[in-house]
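Have a look at the structure below before the remarks.
The values are calculated or read from the model by the stated rules, or taken from the named source; none is laboratory data. Everything numeric in this text was worked out from a predicted model, so none of it was measured. Heads up, the Cβs are rebuilt from the backbone with ideal geometry, glycines too, and the neighbour counts pull from every protein chain shown. Ligands, DNA and RNA are stripped out before the accessible areas are found, and what is left, the full protein with its side chains, is counted by its heavy atoms. Shrake-Rupley method; radii C 1.70, N 1.55, O 1.52, S 1.80 Å.
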Amino acid sequence: MIELVKLKVEDDMTKKDTVEDAGSDDEDDEGVKEVGADANGELKKKKKKKKTKKKKPVQSDPPRVGLSKLFPNGVYPEGEIQEYVNDNAWRTTSEEKRYNDKMAMEDPETTYAHIRRAAEVHRQVRQYARKHIRPGMSLTEIANDIEDGVRALVEENGMESGIGFPTGLNINDCAAHFTPNAGDKTILQQGDVLKVDIGVQVKGRICDSAFTLNWEPTYDTLLEAVKAATDTGVREAGIDVRLGELGGYIQETMESYEVEVDGKVLPVKAISNLCGHTIHLYSIHGSKSVPLVPTNDMTKMEEGEYFAIETFGSTGRGHVVPNGDCSHYAKVAGAPQKTLRLASAKSILNTINKSFGTLPFCRRYLDRLGESKYLLGLNHLVQQGIVQEYPPLYEARGVMTAQFEHTILLRPNRKEVVSCGNDF
């Protein structure tokens, strides 16, 4: 009985070895294809080619790859999320507010996807600009490089997507609203303080964000003060916050700094006649203003609003005045219907309506569209109140100014700093 069992076990083991040997042959043949027999009747074997995975597209340098290729699913990165605090803390956990937020995202009219796409274009273009702008470059070269990047990444398509407003390149005592006109020969110098203000729009949702660059340490503290003031404005902003009070927080932060220049200590002052603002569809300046100093304005921020929180600091008096040739213009929303007698005015208005609507534009953009001899007609539109001009704004000569800016979205349950990135 015991012997019979032993023989059976040996027999089973022999069968098992045979099966394992066969399995080993199968493993050796994995990834191999039989293609026919040779002269001796033996099968020839050929290895199968491995499928190569498609490489994910990456951004070029300079950035020129459209975002639809980098984000084919149409889902763009969320900005920095800040929870509401104090009296608004309940919004974070409110089921009702979470539902409202979800509905806003899914509604094609209010969806956050457009502003996030604009913000991602802004981040990628400005991060390149921050690394590559340097003394010795002309302002025209810098502006063209930035705007070519914006057009490529946002995949410019008429009024559907494109530049939100002319690129602001404001040097030293010039705080805002300067972009080079045709023929401008200004060269960036080593000791300059340059404010760079970039706008991107997708279906009328404008991302507005700005930063300041310097190449010598003298005014590092000025930049630090203004960035801190903007961060304060962003942090303290929220639903039901009164705009006049918000200005007080901004000024308190900014004016706690001092700058030492050639052994002289200069206080940093908030530029009191500049401000942040709401952003409306296809309109960069909305109906509400965010002051940089405390005011009696009791207007509240409201759910669903977009704000550009921008602050300007100065080593001078803290006040700017218009000066120099104008480069920035915008058609007035709801402009009056007037009979235009100048043919050049009619022609340039048609171009403005078709190419910009109520979005800001500059002379370079008109040149790019092939317009010429348009200044008389453009000035006539300004005189008639159809177009608004925005001349450069200057502090006193010899004064240095700085600017930092972010666009925020007051969502029902959270605040999103849509333009925030790794750089600032």
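Quick notes on this structure:
- In this structure M159 has an accessible area near 50 Å², from a 1.4 Å probe over the protein heavy atoms.
- Cβ-based charge dipole, the chain, positive-most Cα from L223, H406, H319: H319
- With each label modelled as a point 7 angstrom along the Cα→C-beta vector, the H132-T218 pair spans 2.9 nm.
- Using 0.36 nm per residue and subtracting the Cα-Cα separation, the extra length available between R235 and V321 on full extension is 28.0 nm.
- With all protein chains modelled, accessible area of I284 [1.4 Å, Å²]: 20 Å²
- Residue-level accessible surface for F178, protein heavy atoms, 1.4 Å, Å²: 40 Å²
- At R0 = 41 Å, FRET efficiency that the Cβ-Cβ distance of E302 and R397 yields, to 0.05: 0.50
- Within the range 108-228: Cβ-based charge dipole about Cα centre, in debye rounded to nearest 20 (Lys, Arg +1; Asp, Glu -1): 300 debye
- Under-5 Å amide H pairs with V261, H placed in peptide plane, nonlocal only: L266
- The chain: most fluctuating residue of V241, V265, V202 per GNM, C-alpha cutoff 10 Å: V265
- Per principal axis, descending, Cα span of the range 329-389 in whole Å: 27, 23, 18
- Compared with the dominant principal axis of the Cα atoms in the chain, helix 113-132 is inclined by about 80°.
- Computed [θ] at 222 nm, deg cm²/dmol, the chain (DSSP H ≥ 4; -39,500 (n - 2.57); rounded to nearest 500): -10000 deg cm²/dmol
- Residue by residue, the range 242-255 carries 3J(HN,Hα) couplings of 7, 4, x, 6, 4, x, x, 5, 5, 5, 4, 5, 5, 7 Hz when phi is fed to the Karplus relation 6.51 cos²θ - 1.76 cosθ + 1.60 (θ = phi - 60°); x denotes Gly or Pro.
- Under 5 Å between amide hydrogens, built in the peptide plane, is the criterion, and for F404 it picks out T311 among residues at least 5 positions away or on other chains.
- Number of Lys-Lys pairs in the range 191-320 with C-alpha atoms under 28 Å apart and a separation of 8 or more places or on different chains: 14.
- Here the dipole of the chain is about 1840 debye; that uses its Cα centre as origin and unit charges on the Cβ of Lys and Arg (positive) and Asp and Glu (negative).
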